[in-house]
Amino acid sequence: VGTYSANAFGLHDVAGNLWEWCLDGYDEGFYGRSPWVDPVAPWAGAADRVRRGGSFGHAALNARSALRISNTPSNAGNNLGVRPMRLVVE
């Protein structure tokens, strides 16, 4: 922990420690028709939810926020969670 330099937000070690549950419902074609800024796929009516970012149990290749896969809401495990956040005011 803390071995690498902080990112642009001053955060250490946040990529790849766990898959992150996201607000989005999973829709394969959503990004082709979504807004460019902060798109969120509606979860109402979606059978699956989005998870991102890889985890300690997967190859480093998967430790990136752009990696997006789906899971049922009932999925649980020790490599899946949420990331606490706070508003960054400049």
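State to the nearest 20 debye the size of the charge dipole of the stretch 15-90 about its Cα centre, where the only charges are +1 on K and R beta carbons and -1 on D and E beta carbons.
Values: 8 positive and 7 negative charges, 34 e Å.
Around 160 debye, computed over the stretch 15-90.
Using a 10 Å cut-off on Cβ atoms, rank the peptides 73-86, 49-62 from the highest mean neighbour count down.
Working: 73-86: 10.1, 49-62: 15.8.
Per-residue Cβ counts within 10 Å, averaged per peptide and sorted highest first, yield 49-62, 73-86.
Could you calculate the FRET efficiency of residue 47 with residue 88 from 1/(1 + (r/R0)^6), where r is the beta carbon distance between them and R0 is 35 Å, rounded to 0.05?
Values: r = 34 Å, r/R0 = 0.96.
For R0 = 35 Å, the calculated efficiency reads 0.55.
First measure r as the distance between the Cβ atoms of residue 56 and residue 34, then evaluate 1/(1 + (r/R0)^6) with R0 = 30 Å and state the FRET efficiency to the nearest 0.05.
Working: r = 30 Å, r/R0 = 1.00.
Result of the calculation: an efficiency of 0.50.
By per-residue mean of other Cβ atoms within 10 Å, what is the highest-first order of 35-45, 20-30? Mind showing how you got there, number by number?
Details: 35-45: 9.8, 20-30: 16.1.
In descending order of packing, they fall as 20-30, 35-45.
Nearest 0.05, what FRET efficiency do residue 75 and residue 6 give at R0 = 30 Å with Cβ-Cβ as r?
Details: r = 31 Å, r/R0 = 1.03.
Result of the calculation: an efficiency of 0.45.
Using 19 Å as the cut-off for backbone N distance, which residues of the stretch 32-55 belong to the label zone defined by a point 7 Å from the Cα of residue 67 along Cα→Cβ?
49-55
FYI, it's all coordinate maths here, none of it is from the lab. Bear in mind the structure is a predicted one, so any value in this text is a computation, not a measurement. Neighbour counts run over all protein chains shown; Cβ positions are idealised from the backbone, glycine included.
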